[in-house]
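Data first, discussion second: the structure below is written as structure tokens.
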Amino acid sequence: MTEVSEDRIENVVIIGSGPAGWTAAVYASRARLDPLVFEGAPSREMIPGGQLMFTTEVENYPGFPEGIDGQELMMSMRKQAERFDTRILTEDIVEVDASGRPFILRSSEGRTIRARTVIVATGARANWLGLENEQRLAHSGGGVSACAVCDGALPAFRDQVLAVVGGGDSAMEEATYLTKFAKEVLIIHRRDAFRASPIMAERALDNPKIKVAWNSTVTEVLGDDFITGLRLKDTHTGEEREVEVGGLFLAIGHTPNTAFLRGVVELDEAGYIRTHTNWRTATSVEGIFAAGDVMDDYFRQAVTAAGTGCMAALEAERYLAHGHPTDPGVDVSAEAVAAGD
Ligand code: NAP
């Protein structure tokens with residue numbers, strides 16, 4: 001039973017249970033800060049453990065030369081945090097009141113928690129098209145993924161025709177990456193021009209293995225146990241056609257899980273938490289730190305998330321000890337954070 005008293009003021013509350021959250025918990029608990037983790041309540045869209053819970057094989061997390069199953073990796077990180085007596089609640093934090101000190105947090109179970117520091121590690125959700133078979137095959141390892149860098153090198157995708165949906169930098173990057181393994185990569189984009197930066201678009205278009213289906217949307221994902229093809233619709237003519245593919249990668253953006261922080265800490269236009277610089281985890285509110293995909297729309301890797309989780313715990317520890325989040329004299333005002341000073 002996790003011991004949580006609403007009378008007590010927590011040193012560190014960690015919100016989120018992906019690699020960033022658990023790494024922060026390991027560091028904070030080993031620093032004897034007795035952290036409390038809200039690992040999130042399971043929902044249709046997200047389960048405790050975050051995005052890696054939907055990944056089959058993780059081959060790029062250091063320390064696992066044979067690769068490791070995404071769920072197993074997350075369970076191991078959770079166990080490691082528990083080993084140092086991290087307390088865990090399977091609830092969401094739905095509200096943070098940062099108008100005074102301590103911070104006041106409310107959970108999905110109606111719990112009120114007071115905290116000296118908060119580490120936000122709630123991650124981001126990959127956007128999906130929302131097609132029924134897309135979701136089924138994504139969750140069963142059936143060749144549908146929202147992360148080419150995570151899954152593209154798996155043997156099942158070798159020498160196949162692979163589809164990438166999207167027209168942004170991620171789609172260009174992922175399509176280019178996939179050409180290392182694929183026979184051909186088909187970028188499916190709903191308009192007749194890419195949103196991606198010209199240099200990345202050019203690089204993709206110049207690659208002889210990459211073809212583009214312009215003005216096309218995916219209306220159906222075909223396949224029982226593994227994807228076999230896609231039904232595409234021409235956005236101009238309405239005409240439908242089927243293409244055979246051996247893998248589908250979505251690159252249609254991510255949504256950071258920050259709705260509960262709107263008006264609390266500074267967010268960028270896309271909803272990601274702004275932190276002090278690219279390499280620090282201090283937010284616009286002193287005592288609130290952010291780690292992992294919730295503050296990083298660029299790298300989005302398990303190992304970078306874990307790295308920032310470590311940084312957030314160390315910064316929280318220093319803040320608790322010295323009353324400032326980073327070095328003495330560092331300006332963490334909202335203006336300085338926004339300016340990246
Ligand atoms: P993005 O720029 O928002 O692009 C998303 C793409 O998906 C757009 O082309 C959009 O089409 C398409 N899309 C969105 N919803 C769709 C739907 N329901 N059905 C079909 N298509 C849909 O996202 P991103 O590519 O992930 O990039 C996010 C940020 O990260 C950007 O600032 C980007 O520059 C940056 N980034 C940089 C690099 C790099 O420099 N190496 C790599 C990756 C990402 P429309 O164009 O029609 O809206």
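The values are calculated or read from the model by the stated rules, or taken from the named source; none is laboratory data. Note that the structure is a prediction, hence the values are computed from the model and not measured. Methodologically, a virtual Cβ is constructed for each residue, glycine included, from the backbone with ideal geometry; neighbour enumeration extends over all protein chains shown. Heavy atoms of the whole protein, side chains included, go into the accessibility calculation; ligands, DNA and RNA do not. Shrake-Rupley method; radii C 1.70, N 1.55, O 1.52, S 1.80 Å.
Shown here is the pair-distance distribution of the range 82-152: with all Cα-Cα distances grouped in 10 Å bins from zero up to the longest one, the shares run 15, 30, 22, 26, 7 percent. Under 26 Å of direct C-alpha separation, and excluding same-chain neighbours fewer than eight residues apart, Lys211 reaches these lysines: Lys180, Lys183, Lys233. Excluding ligands, DNA and RNA, the accessible surface per residue across the chain is 48 Å² with a 1.4 Å probe.
Would you list the P(r) distribution for the range 169-243, with all Cα-Cα distances sorted into 5 Å bins from 0 and each bin expressed as a whole %? Spelled out bin by bin, the range 169-243 gives 3, 16, 23, 22, 21, 12, 3, 0 percent. Remark on His254: its backbone amide H falls under 5 Å from those of Asn127, a criterion applied only to residues 5 or more positions apart or on other chains, H modelled at 1.01 Å from N. Taking all protein chains as shown and a probe of 1.4 angstrom, Ser5 keeps an accessible surface of around 50 Å². Which aspartates and glutamates have a Cα less than 18 Å from the Cα of Lys209, not counting those fewer than 8 places away in the same chain? By straight Cα distance, Lys209 reaches Asp159, Asp169, Glu173, Glu174, Glu184, Glu244. Mean shadow of the range 1-82, computed from the convex hull of its alpha carbons, in nm²? Computing the convex hull of the Cα atoms and averaging its projections yields 6.2 nm². For the chain, modelled as a GNM whose springs connect Cα atoms under 10 angstrom apart, the maximal fluctuation among Glu174, Glu66, Glu244 occurs at Glu66.
The chymotrypsin sites (Phe, Trp or Tyr not before Pro) of the range 206-285 meeting both criteria, a DSSP state outside H, G, I, E and B (loop) and at most 10 other C-beta atoms within 10 angstrom of the site's C-beta, are Trp279.
Checking Cβ-Cβ separations below 4.7 Å across the chain identifies Cys310 as cysteines lacking any candidate disulfide partner.
The packing ranking of peptides 86-94, 115-123, highest mean first, is 115-123, 86-94, where packing means the average number of other beta carbon atoms within 10 angstrom of each residue. Report the FRET efficiency, 1/(1 + (r/R0)^6), for Asn207 and Thr2, where r is their Cβ-Cβ distance and R0 is 45 Å, rounded to 0.05. Computed FRET efficiency for Asn207 and Thr2 comes out at 0.30.
State log₁₀ I(q)/I(0) for the range 107-206 at q = 0.14, 0.18 Å⁻¹ as given by the Debye formula over alpha-carbon point scatterers of equal weight, solvent excluded. Log10 I(q)/I(0), no solvent term: -0.64, -0.89. Most tightly packed first, judged by the mean number of other beta-carbon atoms within 10 Å of their residues, the peptides 181-187, 19-25 read 19-25, 181-187.
Within the chain, all pairs of alpha-carbon atoms sorted by distance into 20 Å bins from zero give the percentages 31, 51, 18, 0. Note on the range 173-242 and the range 101-131: Cα centroid distance 35 Å, given to the nearest whole angstrom. Averaged across orientations, what area in nm² does the convex hull of the alpha carbons in the range 28-167 project? If you wrap the Cα atoms of the range 28-167 in a convex hull and average its projections, you get 11.3 nm². When peptides 194-206, 304-316 are sorted by average Cβ neighbour count within 10 Å, with the highest value leading, the order is 304-316, 194-206. Rolling a 1.4 angstrom probe over the chain with all protein chains present gives an accessible area of which 47% lies on carbon and sulfur atoms.
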